[in-house]
Protein chains: 2
Amino acid sequence: MSSYEKMSREELEIEIEALRREYEEFKSKGLKLDMSRGKPGADQLDLSMAMLTDAALMQNPKSADGTDCRNYGVLDGIAECRELFAELLGVDAQNVIVCGNSSLNLMYDYIAQCMIFGAGSTPWVSQGKIKFACPVPGYDRHFTICESFGIEMINVPMLDDGPDMDILEELVRDSSVKGMFCVPKYSNPEGKTFSDETVRRIAALKPAANDFRVIWDNAYCVHDIYETGDKLLNIFEVAKQHGNEDMFIEVASTSKISFPGAGVSAIVASDNNIREIKRRMSAQIIGYDKLNMLRHARFFKNKQGVEEQMKKHAAILKPKFEAVLSAFDKELSSLGIAHWIKPNGGYFISLEVMDGCAKRVVELCKQAGVVLTPAGATYPYGKDPKDSNIRIAPTFPPVDELKTAVSLLCLCVKIACAEKILNY
Amino acid sequence: MSSYEKMSREELEIEIEALRREYEEFKSKGLKLDMSRGKPGADQLDLSMAMLTDAALMQNPKSADGTDCRNYGVLDGIAECRELFAELLGVDAQNVIVCGNSSLNLMYDYIAQCMIFGAGSTPWVSQGKIKFACPVPGYDRHFTICESFGIEMINVPMLDDGPDMDILEELVRDSSVKGMFCVPKYSNPEGKTFSDETVRRIAALKPAANDFRVIWDNAYCVHDIYETGDKLLNIFEVAKQHGNEDMFIEVASTSKISFPGAGVSAIVASDNNIREIKRRMSAQIIGYDKLNMLRHARFFKNKQGVEEQMKKHAAILKPKFEAVLSAFDKELSSLGIAHWIKPNGGYFISLEVMDGCAKRVVELCKQAGVVLTPAGATYPYGKDPKDSNIRIAPTFPPVDELKTAVSLLCLCVKIACAEKILNY
């Protein structure tokens, strides 16, 4: 098949007729498939079932230091769980607070508290209009947090190795720019990992705002799909060289290691920030669920235990990612209407279609029973300026359903792009 | 023994000498006892151990409607757990959101969000100085929330049947008074339950502030110690009669039903408020720990299951409360230096000693190895204007330790009050 752009109008009209017949066949199947959110599949969740059903695991409800995990207390989480996160993230346990089931909640609360109390500064609410730099495409829930607090979002394009640092460095010269959310490893949705140089430039930023904060959402820190996973520099090690360690707030969780609805999360920060976060937290909560921390610490034991678990996840995920990528290769690669990146980990594949076609593709898929992340969701305010990015979440459906869904998706990409070229 | 006030100076000096010898004996024992916080004892926590060790309980991780509780989603909590709280609190399940392990966290977040977004109003942060009415003595963590947000606290004395409503009704005529925290059943620390008339007057309040909120912290809703527990009117039923249902935010939790560190909490509110809370929550979190909800729903099954559990708690707690109360009766009742209320439930006994003596009592106890809640903690800013209230938390120590601790406490009350009368 040759590129759509090179086909004659007549050839393309014949092509689109054939595509539409194929589409009608799909529609008649009454599909009901969901590729919208980065949810693990049931088989992945089964990997941690012993955490729920091993009667011996929680027989002794005391942590290693003798704390009864059933009772109140221990604001920063039990030692063995803090150490597990410290080992995974390459930081000191004293810089880790282990919390509830949601790192999103930690990020939201951190921003909420910056709004009310500031970040070693006057409260953000009293500083007039404030802004965040937003690497795009990015994670919709980061944007939702900003939007809910009325923080203006400014797009910073993602390059192959992370956000466009020239633009970011320019942007932070504006003192109303107060921060940035980012997913530095296996970014959502593109699966890109920030290069060493990019991490170094972020670590060395000298923002005009002295209360600038980077929320380092390390959601996919150990989430390799291939043996040779990407390597991300340790942000705190690099930031320290520039005296910038207070500028970074890292979060992570076991949501995609154990259970998305019932994992444990952690917040990692400098000594100064941990002290301040704990001070604020002490008014907010007596302590997070220590039994769940104990369950996790005992089930995984240490970094190696987590890595073994992640290999099992990878074995389940690899065929799913490859089903999507091989369909793209087969169906789309020669047509000049779409491109994509093959990620080494994470939960998403980002598909870039011809400008102005993403919404139409998502709509066509929806009408035929396949739900994708809404077009635009990967941009602030739901506005993809080129209407070209589609986030594919291949993890939840079983492989056979996924193959069907991706066939439909490829078909819809072809239809939408052919329509566009034909000016329908 | 006659009242200290009626004794001659000489008699009292002889008495205090004897007391001090007794105190030195206590000191030499090297006690290390804690009656400072309302923590359940280990035997109470054992009542729920099957929740952790019954391998069958979580074999099927799906809720009744088929939701896989291991995965993401269900912002308002699984249906069976919402229904459990609805049954316990006499409300519709649609007015309940089941959340994480901490109702304190829910209250903090609610106030934080009022600060930033208002309560159907302009944000509280932009309304200048705002104030809360605080029934005193009260729960220190409520005061800490207010203090952390810079909300000015105004004392409202507790009468036998709840806050002094004449004072409260007068106070809410000030539009800068934005709300009130209260524990309407088995209040912390006095164990009082608001009378029907008091609940009706609270429900009928017409505050000048249209964004006035009462945080109805129903922490001890099912926590009777005696068979004939106190009865509290359903605040939403009464408030509805006055069109005031938006004024109330109720919270509750299983912290003192199952596990303090690992229970489930719930927020209950009017249709309008639930809609708004869910809207805000949808930016904050994808969903709370549904596996823990499922664990609780299956373990307790229904209201009756909870009530049976509470009878077992009561059987453990009753001897502890009675150990304290009988020691008070025996040691203090005839001396005219202290008084107390016998509560029918809850977690505390409130001891009122002679004005100006509470701090000294707590200090004397501490020096002899018994930790009490700091004097003043039951008042805003830690300032008990009469320095007379001491909160006793009898639940955590085993009965024999508790008896020792209370003997010491009575001794310290006598010493401190005798010193006061003698003007030492």
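Considering only DSSP states other than H, G, I, E and B, which GluC sites (Glu not before Pro) in the range B:1-91 qualify as loop sites with at most 10 other Cβ atoms within 10 Å?
In loop regions of the range B:1-91 (DSSP not H, G, I, E or B), there are no sparsely surrounded GluC sites (Glu not before Pro).
Could you tell me which of A:Gly243, A:Leu408, A:Ile78 has its Cα farthest along the dipole of chain A towards the positive end, charges placed at Cβ (Lys, Arg +1; Asp, Glu -1), taken about the Cα centre?
With unit charges placed on the Cβ atoms, the residue in question is A:Ile78.
Using a label point 7 Å beyond Cα on the Cα-Cβ vector, give me the inter-copy distances for B:Asp166 in nanometres, one decimal, shortest first.
7.7
When you look at the Cβ of every residue in A:109-118, what mean number of other chain Cβ atoms sits within 10 Å?
Averaged over the peptide's residues, the number is 4.
What is the magnitude of the charge dipole of chain B about its Cα centre, with +1 placed on the Cβ of each Lys and Arg, -1 on the Cβ of each Asp and Glu, and no other charges, expressed in debye to the nearest 20?
920 debye
Quick check: Cα centre of the range A:72-96 to Cα centre of the range B:133-147, how many Å?
What the calculation gives is 31 Å, centre to centre.
With each label point set 7 Å from Cα along the Cα-Cβ vector, what nm distance links B:Asn272 and A:Leu422?
5.4 nm
Under unit Cβ charges (Lys, Arg +1; Asp, Glu -1), what dipole magnitude, rounded to 20 debye, does the protein assembly as shown have relative to its Cα centre?
The dipole magnitude comes to about 280 debye.
Between A:Asp196 and A:Asn302, what's the calculated FRET efficiency when r is the beta-carbon distance and R0 is 30 Å? Round to 0.05.
0.65
Divide by every residue of chain A the summed helix terms, -39500 (n - 2.57) for each DSSP H run of at least 4, and state the resulting mean residue ellipticity at 222 nm, rounded to the nearest 500 deg cm²/dmol.
Mean residue ellipticity, 222 nm, calculated: -13000 deg cm²/dmol.
For B:Glu322 and B:Leu75 in the same chain, what is the full-extension length gain: residue separation times 0.36 nm, less their Cα-Cα distance, in nm?
84.6 nm
Could you give the dipole magnitude of the range A:58-301 about its Cα centre, charging the beta-carbon of Lys and Arg +1 and that of Asp and Glu -1, in debye to the nearest 20?
In total the dipole reaches around 820 debye.
When only C-alpha pairs under 8 Å and at least 6 residues apart count, what is the relative contact order of the range B:1-128, in percent?
Once normalised by length, the contact order is 9 percent.
How would you order A:184-193, A:142-151 from highest to lowest mean count of nearby Cβ atoms within 10 Å?
Highest mean packing first, the order is A:184-193, A:142-151.
Quantify how strongly other chains surround peptide A:94-102 by giving the mean number of their Cβ atoms within 10 Å of each of its Cβ atoms.
Rounded to a whole number, the mean comes out at 3.
Can you list residues from other chains, or at least 5 along the same chain, whose modelled amide H is less than 5 Å from the amide H of A:Tyr220?
The list, which skips near neighbours in sequence, is A:Lys185.
Suppose we keep just the DSSP beta bridges with both residues in the range A:126-205; what percent of those would be antiparallel, to 5?
So the antiparallel bridges in the range A:126-205 amount to around 20 percent.
Per residue of the range A:21-36, in order, report the coupling 6.51 cos²θ - 1.76 cosθ + 1.60 (Karplus, θ = phi - 60°) as ³J(HN,Hα) in whole Hz, putting x for Gly and Pro.
5, 4, 4, 4, 4, 4, 4, 5, 6, x, 5, 8, 10, 10, 10, 8
Step through the table entries B:Lys185/B:Lys318; B:Lys39/B:Lys301; B:Lys6/B:Lys342; A:Lys192/A:Lys359; B:Lys129/B:Lys366; B:Lys342/B:Lys414, compare each Cα-Cα distance with 29 Å, and write down the pairs that go over it.
Beyond 29 Å between Cα atoms: B:Lys129/B:Lys366.
Spin-label point model (7 Å from Cα, Cβ direction): what's the A:Asp400 to A:Ser28 distance in nm?
2.2 nm
Relative to the compact globular guide of 2.2 N^0.38 Å, what is the alpha carbon radius of gyration of the protein assembly as shown, as a ratio?
For the protein assembly as shown, the normalised Cα radius of gyration is 1.06.
Once R0 is set to 60 Å, what does the formula 1/(1 + (r/R0)^6) return for the Cβ-Cβ distance between B:Glu10 and A:Tyr381, expressed as a FRET efficiency to the nearest 0.05?
Result of the calculation: an efficiency of 0.10.
So for chain B, averaging the separation of alpha carbon pairs under 8 Å that are six or more residues apart and normalising by length, what relative contact order in percent results?
In percent, rounded to a whole number, it is 26.
May I ask for the Rg/Rh ratio of the range A:58-301, computed from Cα atoms with Rh as the Kirkwood radius, given to two decimals?
Dividing the radius of gyration by the Kirkwood radius yields 0.96.
Using θ = phi - 60° and the Karplus curve 6.51 cos²θ - 1.76 cosθ + 1.60, what whole-Hz ³J(HN,Hα) does each residue of the range A:315-321 get, with Gly and Pro shown as x?
4, 7, 7, 3, x, 6, 4
Per-residue HN-Hα couplings for the range B:221-232, Karplus 6.51 cos²θ - 1.76 cosθ + 1.60 at θ = phi - 60°, whole Hz, x for Gly and Pro?
4, 10, 9, 6, 9, 10, 3, 8, x, 5, 10, 10
Would you please give the FRET efficiency between A:His242 and B:Thr228, computed as 1/(1 + (r/R0)^6) with r the Cβ-Cβ distance and R0 = 56 Å, to the nearest 0.05?
0.25
Under the definition of partner shielding as Cβ atoms of other protein chains within 10 Å of a residue Cβ, what is the mean value for peptide A:134-141?
The mean count of partner-chain Cβ atoms within 10 Å per residue comes to 1.
Mind checking which of B:Ser176, B:Gly30, B:Ser121 is farthest towards the positive end of chain B's charge dipole, using Cβ charges of +1 (Lys, Arg) and -1 (Asp, Glu) about the Cα centre?
In chain B, that residue is B:Ser121.
Relative contact order (percent) for the range A:104-181, with alpha-carbon contacts under 8 angstrom and 6 or more residues of separation?
31 percent
With the alpha-carbon atoms as the only input, what is the per residue convex hull volume for chain B in Å³?
Measuring per residue, one finds 141 Å³ for the Cα hull of chain B.
Have a look at B:Ser195, B:Ala56, B:Leu45 and report the one farthest towards the positive end of the charge dipole of chain B, computed about the Cα centre with Cβ charges (Lys/Arg +1, Asp/Glu -1).
With unit charges placed on the Cβ atoms, the residue in question is B:Ala56.
Students often get this wrong: which residues of the range A:189-224 have the backbone nitrogen under 12 Å from the point 7 angstrom along Cα-to-C-beta of A:Leu159?
Only A:195-199, A:201-202 fall inside the zone, counting backbone N under 12 Å.
Enumerate the amide H contacts of A:Leu33 below 5 Å, restricted to partners 5 or more residues apart or on another chain; note that Pro and chain-start residues carry no placed amide H.
It is A:Val370, A:Val371, by chain and number.
Using the alpha-carbon centroid of each, what span in Å lies between the range A:380-424 and the range B:197-247?
Computed from Cα coordinates, the inter-centre distance equals 52 Å.
Provide the percentage of antiparallel DSSP beta bridges, counting only those with both residues in the protein assembly as shown; round to the nearest 5.
The answer is about 50 percent antiparallel.
In straight Cα distance, which aspartates and glutamates are under 17 Å from A:Lys231, not counting same-chain residues fewer than 8 positions off?
A:Glu87, A:Asp160, A:Asp161, A:Glu190, A:Asp196, A:Glu197, A:Asp217, A:Glu250, A:Glu307
Share of antiparallel DSSP beta bridges in chain A, in percent to the nearest 5?
50 percent
So, in nm, how far is label B:Gln127 from label B:Ala315 when the simple model puts each one 7 Å beyond its Cα toward the Cβ?
About 4.9 nm, to one decimal.
Under the rule of at least 5 residues apart or a separate chain, name every residue whose amide H is placed under 5 Å from the amide H of B:Phe181.
When sequence neighbours closer than 5 places are left aside, the close amide H contacts are B:Ile215.
Computed from the coordinates by the stated procedures, all read-outs in this text should not be read as laboratory data. Since the structure is predicted, the reported quantities are computational estimates derived from the model, not experimental observations. Neighbour counts run over all protein chains shown; Cβ positions are idealised from the backbone, glycine included.
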